[in-house]
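Novice: Following this message is one structure expressed as structure tokens.
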């Protein structure tokens, strides 16, 4: 049985996906996140990186809808999110993160100005802020992602952290 406190923590993460604040998560929220990241890093939507980000956002949406949209209305309510996320996390937290991998990979590529597959802490904060993570949380999260202390993070740091994000309190 999953605790009510655990469900409350998962529900608190809902707002990060509900980009437009309308109380549901839908395909447009994922597209809006992609558009905002491209604008923040001045990457054209029609570029390879831009197209990869939109494709990753669509894959992420499809994965989320697949685990959480129980009524098939192409919107995920807060309750559907809590129920779907809790079930997925209970089954395997890493698998939940895998649905986000294409988006996370592409988001890192957008923010990776030197092409080495990693981004610096300041750009990590920028990505998180664009995704509506509060400033203090974004800074603490970016610092925590830099496990080796070199001032940069990559996909190997970000994808597992994504799953952990859903299992720890703010």
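Novice: Looking at region 143-163, which of the residues that are in contact with a strand residue (DSSP E or B) (Cβ under 7 Å, 6 or more places away or on another chain) and outside any loop (DSSP other than H, G, I, E, B) is farthest from residue 13 (Cα to Cα)? Step through it out loud before you land on a result.
Specialist: Step one: of region 143-163, the residues in contact with a strand residue (DSSP E or B) (Cβ under 7 Å, 6 or more places away or on another chain) are 145-146, 151-154.
The next check asks that each one be outside any loop (DSSP other than H, G, I, E, B); those that pass are 145, 152-154.
Details: 145: 18, 152: 25, 153: 22, 154: 22 Å.
Ranking the candidates gives 152 first.
Novice: If I ask for residues that are part of a loop (DSSP other than H, G, I, E, B), farther than 24 Å from residue 51 by Cβ and in contact (Cβ under 8 Å) with a residue 60 or more places away in the chain, which ones from region 90-141 would you list?
Specialist: 133
Novice: Please verify whether residue 162 is touching a helix residue (DSSP H, G or I) at 6+ places or on another chain (Cβ under 6 Å), modelled with pLDDT under 90 and under 20 Å from residue 62 (Cβ atoms), treating the condition exactly as stated.
Specialist: yes
Novice: Could you give every pair whose Cβ atoms fall below 7 Å, whose first residue belongs to region 41-56 and is exposed (fewer than 12 other Cβ atoms within 10 Å of the Cβ), and whose second residue is in a helix (DSSP H, G or I), counting only separations of at least 6 or pairs across chains?
Specialist: 44/50
Novice: Enumerate the pairs (first residue in region 14-40 and on the phi > 0 side of the Ramachandran plot; second residue anywhere and outside any strand (DSSP E or B)) with beta-carbon separation below 8 Å, excluding pairs fewer than 6 apart on the same chain, so at least 6 apart or on different chains.
Specialist: Matching pairs, first to second residue: 21/15; 23/78.
Novice: Need the failing condition index for residue 125 against (1) surrounded by fewer than 14 Cβ atoms within 10 Å (Cβ to Cβ); (2) within 17 Å of residue 38 (Cα to Cα), just the number.
Specialist: Only one criterion in (1) surrounded by fewer than 14 Cβ atoms within 10 Å (Cβ to Cβ); (2) within 17 Å of residue 38 (Cα to Cα) is unmet by residue 125, namely (1).
Novice: Please work out if residue 30 is closer than 18 Å to residue 162 by Cα, crowded, with 18+ Cβ neighbours inside 10 Å and modelled with pLDDT of 95 or more.
Specialist: Yes, satisfied.
The values are calculated or read from the model by the stated rules, or taken from the named source; none is laboratory data. Remember, predicted model here, so these are calculated numbers, not experimental data. Ideal geometry is used to build each Cβ from the backbone, glycine not excepted, and the neighbour counts take in all protein chains shown.
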